[in-house]
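Written out below as structure tokens is the structure these notes cover.
The values are calculated or read from the model by the stated rules, or taken from the named source; none is laboratory data. All of these numbers come straight from a predicted model, not from anything done at the bench. No Cβ is skipped: glycine too gets one built from the backbone with ideal geometry, and neighbour counts run over all protein chains shown.
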Amino acid sequence: MSESTNPNATSPKTGNLGITVGTWLYVLHSYGHAFSDAAITDACAAITSASPDDADPAGMALVELVNAGLNGASTAAEIRTWLAGLLGTQHVGSVTGDDRAARTQQMRTYQFRSNLPFITEIVDRFPDGTIGTHWVMVERVTDAVTCMDPYPWDDIDEEYTLPLVEFMVRWELAGGESILFQA
């Protein structure tokens, strides 16, 4: 299964790009940011208005739309291109900088100013012992980094905190790619 395939209980335990991007888009929607795709906007609104029993199906409907939009995209550049069409090119940014200190400062500044998470790819050791990359949503960057892996079928905690240096190493090993919303 690629990270953009819809999951089920027998899916591999390595994260899911569609769920991570969908969760991030839902957070952006909840902060009032608009999308060019009315179906994605409607799917986010359906999650907001769903009863507790209907929230998971509403969320999976959003994930299906995200997966269709991503159309097999797996690289940060491909994902960023799709998101630029959805959010507007001017609203899709990334963490840049000449060194780790500059990149860390940019992450902290972004979150202080926007109060929004960003998504990024990191290297992880999975419970079965394999090492690979997966996309996470970064919720907070201080001297520690709070990450969210919203994929419910993997064995990684949905929310966890890493020391800043460990996060930066995992992020750099995965290629140092990130996607953030620029107002």
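Quick grid of which residues meet (1) of a type in the set (Ser, Thr, Tyr); (2) more than 18 Å from the chain's Cα centre (by Cα):
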residue: Ser94; (1), (2): yes, no
residue: Asp98; (1), (2): no, yes
residue: Thr109; (1), (2): yes, yes
residue: Phe118; (1), (2): no, no
residue: Arg125; (1), (2): no, yes
residue: Met137; (1), (2): no, no
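Restricting Arg108, Arg125 to those that are within 26 Å of Leu83 (Cβ to Cβ) and among the charged types (D, E, K, R) reduces the list to Arg108. Only one entry in Val123, Val145 is over 24 Å from Tyr31 (Cα atoms), in a strand (DSSP E or B) and not polar (S, T, N, Q), namely Val123. Can you find a residue that is surrounded by fewer than 18 Cβ atoms within 10 Å (Cβ to Cβ), of a type outside the set (D, E, K, R), in contact with a Lys or Arg (Cβ under 7 Å, 6 or more places away or on another chain) and without any contact (Cβ under 8 Å) to a residue 12 or more places away in the chain anywhere in the range 131-152? Among the residues of the range 131-152, at least one is surrounded by fewer than 18 Cβ atoms within 10 Å (Cβ to Cβ), of a type outside the set (D, E, K, R), in contact with a Lys or Arg (Cβ under 7 Å, 6 or more places away or on another chain) and without any contact (Cβ under 8 Å) to a residue 12 or more places away in the chain, which makes the answer yes. Taking every residue in the range 101-129 that is at negative phi and pairing it with any residue that is in a loop (DSSP other than H, G, I, E, B) and exposed (fewer than 14 other Cβ atoms within 10 Å of the Cβ), at least 6 positions away or on another chain, the pairs with Cβ-Cβ distances below 6 Å are Arg103/Gly97; Gln106/Gly97; Pro127/Asp155. The residues listed here are Glu172, Glu158, Glu121; of these, the one that is surrounded by fewer than 21 Cβ atoms within 10 Å (Cβ to Cβ), touching a helix residue (DSSP H, G or I) at 6+ places or on another chain (Cβ under 8 Å) and either at pLDDT below 95 or of a type outside the set (Ser, Thr, Tyr) (or both) is Glu172.
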